[in-house]
Each structure stands twice: as C-alpha cells, then as structure tokens.
1. Which pairs turn up if I take residues in the range 34-62 that are at positive phi and look for partners that are surrounded by 10 or more Cβ atoms within 10 Å (Cβ to Cβ) with beta carbon separation below 6 Å, at least 6 apart in sequence or on another chain?
C-alpha cells in the first residue's frame, strides 16, 4: 500500500526544511530551447518560401 498524499507531503516538507532546497531537479523541456525554436522558425520560413521542400514516397509496412 502506498503513502497517503498528506504523508507524502509531510516527508517532502521535512526534506525541504532539512536540506533548504527542493529535493529534485527542475528543468525545462529541451524542445523549447532557443536553438531548437530558431531552427523550427527557419524551417517554417523555408517551407513558406518554397525552399528546401522534398517529396518522399510512402513506404507501406505489412
């Protein structure tokens, strides 16, 4: 049987108080990095301008 929500929060709160920090890393999704957004914007601009577009045959998988 798992911990109740209040017991889990109590453990979390004690750990925060003891360590003076949250007990896990917080990070943003790398998909939204400045470099990736710039690349996506460049590709969208290319597509709208008709540049760097390629057609591919579909491959059927049985």
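Only the coordinates and a few stated rules stand behind these numbers; no lab work does. Nothing here was measured: the structure is a model prediction, and the numbers come from that model. Glycine gets a Cβ as well: all are built from the backbone with ideal geometry, and neighbour counts include every protein chain shown.
1. Within 6 Å, the pairs are 52/46.
So that you can scan it fast, the table gives a plain yes or no per residue for (1) assigned to a helix (DSSP H, G or I); (2) within 25 Å of the chain's Cα centre (by Cα); (3) surrounded by fewer than 10 Cβ atoms within 10 Å (Cβ to Cβ):
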| residue | (1), (2), (3) |
| --- | --- |
| 12 | yes, yes, no |
| 25 | no, yes, yes |
| 28 | no, yes, yes |
| 37 | yes, yes, no |
| 42 | yes, yes, no |
| 58 | no, no, yes |
| 61 | no, no, yes |
